[in-house]
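The next block holds one structure in the form of structure tokens; read it before the comments.
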Amino acid sequence: MVHVIAPSDCHQFTGGLTEFDVEADTVRRLISELEARFPGLGDYVDRRMAIAIDGEIHQDAWFSPIRANSEIYLIPKIGGG
Amino acid sequence: MSDVLDGPGVQPDLKVVGTRPIRPDGADKVTGRAAFGADFNMPGQLVGKILRSPHAHAKIVSIDTRKARALPGVKAVVTGADFPNLASEMHEGGEAASNLRDLAMNVIARDKALYDGHAVAAVAATSSAIADEALRLITVTYEVLPHVIDVEAAMSPDAPVLHAHLFTEGLEVRPTSASNVARRNQITRGDLAEGFAAADVIVEGRYTTQAVHQGYIEPHACVAAWVEDGQCDVWSSSQGQFMVRTYCAKILGLEISDIRVTPAEIGGGFGGKTTVYLEPLALALSRQSGHPVKMVMTREEVFRATGPTSGAVILVKLGAKVDGTMTAAEVELKYQAGAFPGSPVGAGSMTALACYDIPNFLITGWDVVTNSPKVAAYRAPGAPIAAFGVESAVDDLARKLGMDPLALRERNGVRNGVKAAYGPTFQNIGYLETLAAIKDCPQYSLPLGPNQGRGVAAGFWFNVGGESTAAVHVNEDGSVVVVTGNPDIGGSRAAMAMMAAETLGVPMQRVRPRIADTASIGFSMLTGGSRTTFATGMAVVQAAEKVVADLKRRAALLWEVPADKVEWRNGAAVCLDPAKADPKPMTLEILAGQSARTGGPISAQVSLNAQGAGPGFGVHVCDVEIDPETGHVTVLRYTAAQDVGKAIHPSYVEGQVQGGVAQGVGWALNEEYIFDSDGRMENAGFLDYRVPVASDLPMIDTILVEVANPRHPFGAKGVGEVPIVPPLAAVANAIRSAIGVRMADLPLSPPKIRAVMDARAS
Amino acid sequence: MSKPHISAIVNGDPVEFLADPGMTLLDALRDELSLTGSKEGCGSGDCGACSVIVDGRLVCSCLMLAAEAEGRRVDTIEGLAQGGRLHPLQQKFLEHAALQCGFCTPGLLMAAKALLDANPDPTETEARYWLAGNLCRCTGYDKVIRAVMDAAAELRQVKV
Ligand code: FES
Ligand code: FES
């Protein structure tokens, strides 16, 4: 199980839930789990969010591995100047 | 003064990385040979010009172009009607996401002009004078609408609404009527009420900033040529040729492979050249006229229709124990987005408290559309504005607590293992080291004279990685070409060549870096977000490593030993098999000369999507002196310390830091968009929009703190964004220390300061 | 409408061109003579990217009419390096990394040359005030000033 923390952006999909656990070993699995559990969230995360796995930010990286017991933060994608 | 402080994880035995060679494109740039956007011409090219709205908000009732078309020498006239209507679609280029429909409508207005300077028509003619005359002959009938530019006025329920389809996102309940508030975002932790209840000391402040422009000295420029078979070529100055290609294809409905974009040298961008303004118009004019079309903005157009970053209102409340431990923070950020949604308030919210470990906080951000140019990214987009408020409030808190401002920051500063306010847990960060570097720097303990003050402030930026491609080719004589797809804005060619040279074990002068057009190298995201040295650098190193592996394999074949009996040292293959009598090292030259007979050209390309960019922190100290007669602020001394991971070319890293500081000082003291009561920009030129000049600034001392990023081959972290984050507050805090009054409305121009000093004196 | 015919000396060589009324010297250099080293950052005399030296005086070529160049001697960035060797100012700009994007660089170099021609031993403050007409948005001027001071020192050595 990995622990997912979702910011306010995602609450429209989670019904306000900020933390929950899902089963996932890659970012892609995580996204499909999110979609299954909260319809619309997986798609939203895929398009709009970056995923911090134990502190390291991954953007557009479906095959980044996720270890068991990892902590996942969903954060808005980051650009820059 | 410039110091480099080696920290944990930095490789000790580097030969090229960390040195200061002359940049490979240097001679071109000091002799005037380098070709920037406006320096390129094509035979038979026409001059393209744009008609812009004189109104901040107006319905476009009709556009009559007949007279302009009839003028001899006019070859094309386009309006919004000549472009396809796009559906709302977010494009996630990895940079600030942009809605393609909005992007297209920003390039040329359709039914409404949304700001003074919004393009409404464009012409192409055989001369500049004829093009100007043609613009005069176009009749646009406007129905002028009430406008709104101030961010809080735009949020009020009775404000004129810019977009009838805009409903605030991010609220618990979707609103039933359209408004100018595009989005609310919130980040929260702990219990705010409890946190403030536990505080012994509370400070509060309201801070305001005005829109400021990136202020690159080179105006936007391009040449576009549409050929009859539908293939097109674009030469333009931008932060990313692939970005230009994608946006042109989308806006004009073209196939990506039909567009080739060649990057010109770019005369500064700072985020402002991460989007398109001219290129789609030039292509449309070229299609209609059958000629290449060149378009170059005037400085006035640059100010009125490109950039800027948001003006904002920032509310901050902080609570702390008497020992300085911060217990609670509440931050509210209201950012102008300009004519279309997409202010950098999201990043502002995420960075606002990123330097602090506070158990209870709430950060709320509002993205608000206004009748001003659509904001573009500007160096650490959103972060300097938030830091201005937070770092000013932290300064007030230190004063109220009677604590040294660096000590207060250290007590509450984030370190490895601490959860960032925006979520993830920090690793390999160098914030405390950076604070210590400023505490130890000579400036921090120099005595101050009368009317002088000292301010410190901290800043943070995430830095990003992303998609990059690099190719490394070894020529027959052993010299090397490195090809990437990232425009070089600040010396990145040098960094690319140095990293390739280090990996190959050859002198940097044997490696020539080139920047290719979109048809000649694989996709790369644009140069921005401080990603190039990190991500493209990673691609360069991996491509060079592939080349080394190939060289070792060929040497093993020649020596007839297994591949693992060959090592690559100092630019040559070395045989480890003692059974082979005296095999001399096989140099790159030797192997390159035999490449045809050992398997063909030696060359490798790597495309990747780099993850794991290391976040950066900066701490600045600024000393000022105020002239009590005029209120004029002189910056006496400035030292900026920053965790840079590993400086590949320290001079250019220092240069990034110094340049960011200068822009931040300008933002703090002078720069602002000024609009008249009709919403027209009043100061659209460098005379009235005053960016810092050489006599406004002292030397800017830098301290490069190196806490390596383990995800980069040499430990590099992004550098360019962080240094613009602290200066706004560092300057404001220095002025606070000099005059004893908190000034919270940027820019801190002489009349404002004098008014405060006069009020205090009487 | 006939265009006046202009003869001038640019970087030591005689040149001729036809000048539209209203054509600036900068336009003439860039468009008529293909000397695109001088840049246009503002067209209004506020940025210095177009700096050239006319009869020994530093001018913003965007503010001077091309027709006024008749019979004058114009020095541009393209003439600063001589005989395949960079001018000490150019060399010092490279050594000190005094440019990032390089767009302001031609103008800054010409302004610095005019400074050192007029004052071979400027103080840092004098250099900063002299160069205050040349905007650079990238560098914060630190390395620019260092390069100019270093080049001044080297040029004084050469003269001695
Ligand atoms: S272009 Fe001449 S001063 Fe700016
Ligand atoms: S180096 Fe870019 S403007 Fe000076």
Ranking request for peptides B:707-719, B:413-425, B:574-586: highest mean number of other beta-carbon atoms within 10 Å first, then the rest in descending order.
B:707-719, B:413-425, B:574-586
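What is the sum of charges around residue B:758, taking Lys and Arg as +1, Asp and Glu as -1, for the other residues whose C-beta is under 14 Å from the C-beta of residue B:758?
Values: positive: B:752, B:754, B:760; negative: B:627, B:629.
Summing Lys and Arg as +1 and Asp and Glu as -1 gives +1.
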Kindly state, to the nearest 0.05, the FRET efficiency for residue B:404 paired with residue B:761, given R0 = 30 Å and r defined as their beta-carbon distance.
0.55
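Using a 1.4 Å probe and counting only protein heavy atoms, how much accessible surface gets buried when B and C come together, both sides summed, in Å² to the nearest 100?
When B and C are taken together, about 3700 Å² of accessible area is lost.
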Given the whole protein assembly as supplied and a 1.4 Å probe, what does the accessible area of residue B:689 come to in Å², nearest 10?
0 Å²
Looking at chain B, what % of its DSSP beta bridges pair antiparallel, to the nearest 5?
75 percent
Taking alpha-carbon centroids only, the range B:354-419 lies from the range C:104-135 a number of Å equal to 39 Å
Here the FRET efficiency for residue A:54 versus residue B:191, based on Cβ atoms and R0 = 22 Å and rounded to 0.05, is 0.25
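Charges only on Cβ, +1 for Lys and Arg, -1 for Asp and Glu: so what's the dipole of the range C:88-159 about the Cα centre, in debye to the nearest 20?
Numbers: 8 positive and 8 negative charges, 29 e Å.
For the range C:88-159, the charge dipole is close to 140 debye.
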Taking the protein assembly as shown and counting helices only, DSSP H stretches of n ≥ 4 at -39,500 (n - 2.57) each over all residues, the nearest-500 ellipticity at 222 nm comes to -8000 deg cm²/dmol
Which of C:91, C:82, C:100 fluctuates most in a GNM of chain C (C-alpha springs under 10 Å)? That residue is C:82
Ignoring ligands, DNA and RNA, what percent of the 1.4 Å accessible area of the range B:466-610 is carbon and sulfur?
52 percent
Ignoring ligands and nucleic acids, residue A:77 exposes an accessible area, probe 1.4 Å, in Å² to the nearest 10, of 40 Å²
Quote the charge dipole size of chain C about the Cα centre in Debye, to the nearest 20; the model charges only the Cβ of Lys and Arg (+1) and of Asp and Glu (-1).
400 debye
Under 1.5 on a/c is rounded, so check that first for the range B:246-382, then, if it is not, pick prolate when a/b is larger than b/c and oblate when it is not; a ≥ b ≥ c are the square roots of the alpha carbon gyration tensor eigenvalues.
prolate
Give the relative contact order (percent, whole number) for chain B; include only Cα pairs under 8 Å separated by 6+ residues.
17 percent
Under a Cβ-only charge scheme (Lys and Arg +1, Asp and Glu -1), can you give me the dipole magnitude of the protein assembly as shown about the Cα centre, in debye to the nearest 20?
800 debye
Ordering B:75-88, B:427-440, B:652-665, B:396-409 by per-residue average of other C-beta atoms within 10 angstrom, highest first, gives B:652-665, B:427-440, B:396-409, B:75-88
Expected integer from the mean partner chain Cβ neighbour count at 10 Å over B:523-529 is 2
How many angstrom separate the Cα center of the range B:433-470 from the Cα center of the range B:159-212?
29 Å
Antiparallel DSSP beta bridges within the protein assembly as shown, percent to nearest 5
75 percent
Using a 1.4 Å probe on protein heavy atoms only, how many Å² of accessible area do B and A hide from each other, summed over both chains and rounded to 100?
2300 Å²
Probe 1.4 Å, all protein chains present, accessible-area order of B:554, B:637, A:29, largest first
A:29, B:637, B:554
Shielding of A:49-58 by other chains, given as the mean Cβ count within 10 Å, works out to 6
SASA check, residue C:5, accessible area w/ 1.4 Å probe, all protein chains in place, rounded to nearest 10 Å², comes out at 100 Å²
Pairwise FRET efficiency - residue A:43 versus residue B:62, Cβ, R0 = 30 Å, nearest 0.05
0.15
So with the 1.4 Å probe, I'd like the accessible area per residue for chain B, rounded to whole Å².
33 Å²
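Would you mind working out the accessible area per residue for the range C:5-79, using a 1.4 Å probe, and quoting it in Å²?
40 Å²
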Determine which residues of the range A:48-81 fall in the zone a paramagnetic label at residue B:523 would reach in this model, i.e. backbone nitrogen under 19 Å from the point 7 Å along Cα→Cβ.
A:48-51, A:58-64, A:77-80
Using DSSP to define loop residues, name the GluC sites (Glu not before Pro) in the range B:148-257 whose beta-carbon has at most 10 other beta-carbon atoms within 10 Å.
B:172, B:228, B:255
Taking 7 Å along the Cα-to-C-beta vector as the label spot, tell me the residue B:20-residue B:419 distance in nanometres, rounded to one decimal.
4.4 nm
In nanometres, what is the gap between the two model label sites at residue B:169 and residue B:156, each 7 Å from Cα along Cα-to-Cβ?
2.8 nm
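How crowded by other chains is A:4-15, given as the mean number of beta carbons from other chains within 10 Å of each beta carbon?
Per-residue shielding by partner chains comes out at 4.
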Kyte-Doolittle at least -1.0, axis length at least 20 Å by Cα - qualifying DSSP helices, chain B:
B:383-401, B:537-559, B:650-669
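The values are calculated or read from the model by the stated rules, or taken from the named source; none is laboratory data. Owing to the predicted nature of the structure, the values given are computational and were not obtained by experimental measurement. In this analysis, Cβ positions are derived from the backbone assuming ideal geometry, glycine residues included, and neighbour counts consider all displayed protein chains. Surface accessibility is based on the protein's heavy atoms, side chains included, excluding ligands, DNA and RNA. Shrake-Rupley method; radii C 1.70, N 1.55, O 1.52, S 1.80 Å.
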